[in-house]
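Here is the structure we will look at.
Read the figures in this text as sums done on the coordinates, not as results from a lab. Bear in mind the structure is a predicted one, so any value in this text is a computation, not a measurement. Cβ sites come from the backbone with ideal geometry, for glycine too, and all protein chains shown count toward neighbours.
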């Protein structure tokens, strides 16, 4: 029974982390809206299963890295309340990881959706 309780607590904590990002991070909300658009377009154009996987993987990669970026920023802010060059590097690198994932998602979106949009019109 203890393992089930630990699992539920872990799941609850993960959900709280997700909710924190939704409530406090503007970029996370933007990524969620774009993810919703990508999923709606995927449904509308009835894309193949392999394309669905690319879209979903791209979405989860961006959202996961955005959450990790938030965690890194908050941990650094907790550790030091003052500006430090290495703290800034860590924050910048974490933000850069989100940027790389977002650019990947943009490329995937273009490859998946532009031909569909072209065919539709």
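The set of residues in the stretch 12-55 being surrounded by 15 or more Cβ atoms within 10 Å (Cβ to Cβ) and either at positive phi or in contact with a strand residue (DSSP E or B) (Cβ under 6 Å, 6 or more places away or on another chain) (or both) is empty.
For residue 61, the conditions (1) within 14 Å of the chain's Cα centre (by Cα); (2) loosely packed, with under 14 Cβ neighbours inside 10 Å are fulfilled apart from (2).
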